[in-house]
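Asker: This is the structure I want to talk about, given as structure tokens.
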Amino acid sequence: MIIAYWGAPMSSINRGVKLMLKRLQVRLTRYKPDHYIFQSKAMADSAVFGRGISAENVSVIHNAVDTNVYKPDVHLWNYAYHRFKIPTDRKILFYSGHMEERKGVQVIIKCAKELVEARNRKDVHFLILGNVSGQEKRFESLYLGTKAEGFITFGGYRNDVSHIHSSCYAGVIASTGWDSFTMSSMEMASSGLPLVVSDLQGLKETVEPGSTGFLVTPGDHMALADKIEVLLDDKELRDRMGRAARQRVVESFSLEQHISKLTDTVKRLYAEAIV
């Protein structure tokens with residue numbers, strides 16, 4: 001038996017004749033895995049409704065995070081402020097990830113401009129990590145020379161992200177194209193950060209809206225600013241969402257849970273295969 005762990009969507013969702021042809025193609029393919037494991041329901045749907053893989057041959061086992069590494073630590077509250085020279089009277093909004101257009105860094109910057117320039121917020125700072133080899137320069141025309149310039153920091157690629165989280169107020173992922181159940185979202189949630197993320201595919205599976213964070217329309221920087229402002233103005237809500245986010249990860253997305261689900265799935269498939 002061949003079991004494939006699939007880390008990307010298989011196809012766009014198809015319907016009608018196109019889906020029928022995809023199903024036929026899968027049926028006629030001689031060599032293929034017997035079972036597929038995906039890291040989000042959205043990815044699984046791309047296999048079932050995009051490629052015609054039988055739902056019986058698909059499992060969803062979400063990404064996992066080491067909750068002993070990514071955890072709240074009050075002793076590190078000023079870590080990022082010190083490392084990046086951010087004034088301590090600002091609440092840090094955090095993003096870590098790739099810089100390509102679909103990841104929505106440009107949306108975060110427009111949101112920062114809206115909050116700082118239009119709404120006159122001086123209590124917020126956006127810390128953006130993941131840029132390498134000058135990738136941040138492509139965004140400079142959006143904010144250099146504006147009031148928001150001093151409220152945005154590109155921090156590059158870091159190996160101390162778990163420490164940085166303890167200084168942050170909330171996590172933001174503003175993707176505009178396909179995105180799934182990202183590791184960065186789970187790391188932030190495990191660290192006790194509420195999340196504001198785009199309502200996209202597997203990304204929306206990373207939050208329980210209203211409980212552990214908010215969903216916003218992809219590309220809508222005004223909606224993103226609105227939800228961030230709700231958190232900025234209600235620390236009790238922010239803290240409650242952060243605790244719920246941490247608890248959700250501990251209960252459902254820890255490494256122990258991940259290993260257990262993988263083991264149980266393999267055991268079940270093996271038992272079915274030898275009957």
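The values are calculated or read from the model by the stated rules, or taken from the named source; none is laboratory data. Bear in mind that the values here come from a model prediction, so they are computed numbers and not experimental data. A quick note on method: Cβ atoms are made from the backbone with ideal geometry, for glycine too, and the neighbour counts reach across all protein chains shown.
Asker: Restricting to the stretch 239-256, name every residue that is surrounded by 18 or more Cβ atoms within 10 Å (Cβ to Cβ), outside any loop (DSSP other than H, G, I, E, B) and of a type outside the set (Val, Ile, Thr).
Answerer: MET241, GLY242, ALA244, ALA245, ARG246, ARG248, SER254 - these are the residues of the stretch 239-256 that are surrounded by 18 or more Cβ atoms within 10 Å (Cβ to Cβ), outside any loop (DSSP other than H, G, I, E, B) and of a type outside the set (Val, Ile, Thr).
Asker: Related question: Testing GLN247 on (1) under 20 Å from the mean Cα position of the chain (by Cα); (2) more than 22 Å from LYS110 (Cβ to Cβ); (3) in contact (Cβ under 8 Å) with a residue 12 or more places away in the chain, one condition comes back false. Which one is that?
Answerer: Only one criterion in (1) under 20 Å from the mean Cα position of the chain (by Cα); (2) more than 22 Å from LYS110 (Cβ to Cβ); (3) in contact (Cβ under 8 Å) with a residue 12 or more places away in the chain is unmet by GLN247, namely (3).
Asker: Next up: Would you confirm whether or not the stretch 90-108 contains a residue that is surrounded by 16 or more Cβ atoms within 10 Å (Cβ to Cβ) and more than 23 Å from VAL197 (Cα to Cα)?
Answerer: No, there is no match, as no residue in the stretch 90-108 is surrounded by 16 or more Cβ atoms within 10 Å (Cβ to Cβ) and more than 23 Å from VAL197 (Cα to Cα).
Asker: For LYS267, which of the numbered conditions (1) farther than 30 Å from MET1 by Cβ; (2) not in a strand (DSSP E or B) fails to hold?
Answerer: (1)
Asker: Could you count how many residues in the stretch 179-207 are within 13 Å of the chain's Cα centre (by Cα) and part of a loop (DSSP other than H, G, I, E, B)?
Answerer: Here the count works out to 9.
Asker: Look through SER54, SER59, SER12, SER46 and report the one residue that is farther than 26 Å from SER162 by Cβ, among the hydroxyl-bearing types (Ser, Thr, Tyr), modelled with pLDDT of 95 or more and outside the structural domain of TYR169 (by TED's automatic domain parsing).
Answerer: SER59
Asker: Still on this model: Of the residues GLY177, GLY104, only one is at pLDDT below 95 and under 17 Å from THR206 (Cβ atoms); which?
Answerer: Matching residue, one of GLY177, GLY104: GLY177.
Asker: Follow-up. Out of ALA8, ALA64, ALA47, ALA55, which single residue is out of contact with any Pro (no Cβ under 6 Å at 6 or more places or on another chain) and without any contact (Cβ under 8 Å) to a residue 24 or more places away in the chain?
Answerer: ALA55
Asker: Scanning the stretch 24-53 for residues that are touching a helix residue (DSSP H, G or I) at 6+ places or on another chain (Cβ under 8 Å) and among the basic types (Lys, Arg), which turns out surrounded by the fewest Cβ atoms within 10 Å (Cβ to Cβ)?
Answerer: So the residue we want is LYS32.
Asker: Moving on. Cβ contacts < 7 Å: first residue assigned to a loop (DSSP other than H, G, I, E, B), restricted to the stretch 26-40; second residue surrounded by fewer than 12 Cβ atoms within 10 Å (Cβ to Cβ), any location; separation 6+ or different chain. Result?
Answerer: PRO33/ILE2; ASP34/MET1; ASP34/ILE2; GLN39/GLY7
Asker: I've got another one for you. Restricting to the stretch 109-134, count the residues that are surrounded by fewer than 21 Cβ atoms within 10 Å (Cβ to Cβ) and closer than 23 Å to GLU187 by Cα.
Answerer: Residues in the stretch 109-134 being surrounded by fewer than 21 Cβ atoms within 10 Å (Cβ to Cβ) and closer than 23 Å to GLU187 by Cα: 4 in total.
Asker: If I filter the stretch 29-80 down to residues being over 23 Å from the mean Cα position of the chain (by Cα) and of a type in the set (Ser, Thr, Tyr), which single residue comes out as farthest from GLU256 (Cα to Cα)?
Answerer: In this case the residue turns out to be THR29.
Asker: For the stretch 220-244, which positions are hydrophobic (A, V, I, L, M, F, W, C), touching a strand residue (DSSP E or B) at 6+ places or on another chain (Cβ under 7 Å) and touching a residue at least 12 places away in the same chain (Cβ under 8 Å)?
Answerer: Selection gives LEU224, ILE228, LEU231, LEU232, MET241.
Asker: Sticking with this structure for a sec: Look through ARG138, ARG158 and report the one residue that is in contact with a Leu (Cβ under 8 Å, 6 or more places away or on another chain) and of a type in the set (D, E, K, R).
Answerer: Only one candidate qualifies: ARG158.
Asker: In addition: Which one is farthest from GLU236 (Cα to Cα) among residues in the stretch 180-194 that are in contact with a Leu (Cβ under 7 Å, 6 or more places away or on another chain) and at pLDDT 95 or above?
Answerer: Looking at residues that are in contact with a Leu (Cβ under 7 Å, 6 or more places away or on another chain) and at pLDDT 95 or above, I get SER185.
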